[in-house]
Amino acid sequence: MTYICVLRLESMIIELCVSSETPDDWRWSLRVVNGKTLQTGTSESKLSAQIAAQRAYEQRLEKAGLANWASNEYQWDQRPF
């Protein structure tokens, strides 16, 4: 199962991706749509993986001085991968 959250940051499109092959092993990634993966991690549940991906995105924005670009809502859509 794979879930994607697509965010626009000026001219870039950022994807937060959460996927699992088993119910207890969730992987998340933060990547630019051109294919470059910026950060990855693992979690024990879908929700904790989504939160970890969102926090990784927000932390990168904060470090870049763009904290005001953080989303108030993250729309996660299931993808058939």
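Pull up segment 62-80, narrow it to residues that are in a helix (DSSP H, G or I) and without any contact (Cβ under 8 Å) to a residue 12 or more places away in the chain, then point me to the one that is most open to solvent (accessible area, probe 1.4 Å).
LYS63
What is the number of the single condition among (1) more than 9 Å from the chain's Cα centre (by Cα); (2) of a type outside the set (Asp, Glu); (3) at pLDDT below 95 that GLY41 does not meet?
Condition not satisfied by GLY41: (3).
Quick one: TYR74 ticks every box in (1) under 15 Å from ILE4 (Cβ atoms); (2) at pLDDT 95 or above; (3) among the hydroxyl-bearing types (Ser, Thr, Tyr) except a single one, so which number is it?
If we test TYR74 against (1) under 15 Å from ILE4 (Cβ atoms); (2) at pLDDT 95 or above; (3) among the hydroxyl-bearing types (Ser, Thr, Tyr), just (2) comes out false.
In the list GLU21, GLU15, which residue meets the criterion of being assigned to a strand (DSSP E or B), under 20 Å from LYS63 (Cα atoms) and either open to solvent by 90 Å² or more (accessible area, probe 1.4 Å) or not basic (Lys, Arg) (or both)?
Every option except GLU15 fails the conditions.
Here are some conditions: (1) at pLDDT below 95; (2) assigned to a strand (DSSP E or B). TRP28 meets all but one. Which one does it not meet?
In the conditions (1) at pLDDT below 95; (2) assigned to a strand (DSSP E or B), TRP28 misses (1) alone.
The values are calculated or read from the model by the stated rules, or taken from the named source; none is laboratory data. No experiment lies behind these values; they were computed from the predicted model shown. For neighbour counting, all protein chains shown are included, and Cβ atoms are generated from backbone atoms with ideal geometry for every residue, glycine included. Heavy atoms of the whole protein, side chains included, go into the accessibility calculation; ligands, DNA and RNA do not. Shrake-Rupley method; radii C 1.70, N 1.55, O 1.52, S 1.80 Å.
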